[in-house]
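The values are calculated or read from the model by the stated rules, or taken from the named source; none is laboratory data. None of these values were measured; they are calculated from a predicted model. All Cβ positions, even for glycine, are placed from backbone atoms using ideal geometry, and neighbour counts span all protein chains on display.
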Amino acid sequence: MAKTKGTNLVDMVKFLRKQREAAQALLPPHLHSYLNAQLNISAWYPEADMIELVKVLAKLLPASSETPLVQIGRLNARMHLHGTYAHLLEDARPSVLPIRALALWKSMHDTGEFKLQVEEDGAEARLAGYGHPTHEMCVMLGAYLQELFVMAGVRDAKAVERTCCRSGAPACCWRIEWESGAQA
């Protein structure tokens, strides 16, 4: 069973707790404990639970110009990289992001081989062997990658998923593009 670190759940659970009544009505009963029990940020939790929490969070987020899953992916990047994992953005040049992105993935997920290659005007991200691939995770990860590059000083970064393991591809792959020289 694929697992995710508690740091990946804490902000989501805080939001759901603030919307406790609505969240409890939407969450499957076996997940109600997330609304009450203390999360251990260094413990591992089922990825399947995370996706169910994401689905409820998406329903409770305020309206935005972005789809809820894109909003969640971008917010996760900001919260992770301004909080627990801020040290990974101390040297935030795009050229050093591959090693940082790999460290981020390994610190939050116990399955999946994540690789990131950066070029002058774009990057390729590849995730193979992930233990709980879902539509939600693919959308959120694309938005997370886009926000990661924005936080590294790239303007107008866009991420597009090119292949997906859920469609039979050997890996989920994203292309992150920006205009050459479009760094802040």
Identify the single condition in (1) surrounded by fewer than 21 Cβ atoms within 10 Å (Cβ to Cβ); (2) more than 18 Å from Leu81 (Cα to Cα); (3) touching a strand residue (DSSP E or B) at 6+ places or on another chain (Cβ under 9 Å) that Leu127 does not satisfy, given that it satisfies every other one. (1)
What is the residue count in region 134-158 for residues that are at pLDDT 95 or above and farther than 18 Å from Thr67 by Cα? 0
Of all residues making up region 130-156, the number that are outside any helix (DSSP H, G or I) and of a type in the set (A, V, I, L, M): 2
Checking Gly6 against (1) touching a helix residue (DSSP H, G or I) at 6+ places or on another chain (Cβ under 8 Å); (2) within 17 Å of Asn76 (Cβ to Cβ): exactly one of these is not met. Which one? (1)
Residue check, Ala48 touching a Gly at 6+ places or on another chain (Cβ under 9 Å) and among the small types (Gly, Ala, Ser): no
How many residues does region 152-173 contain that are closer than 15 Å to Thr134 by Cα and not charged (D, E, K, R)? 10
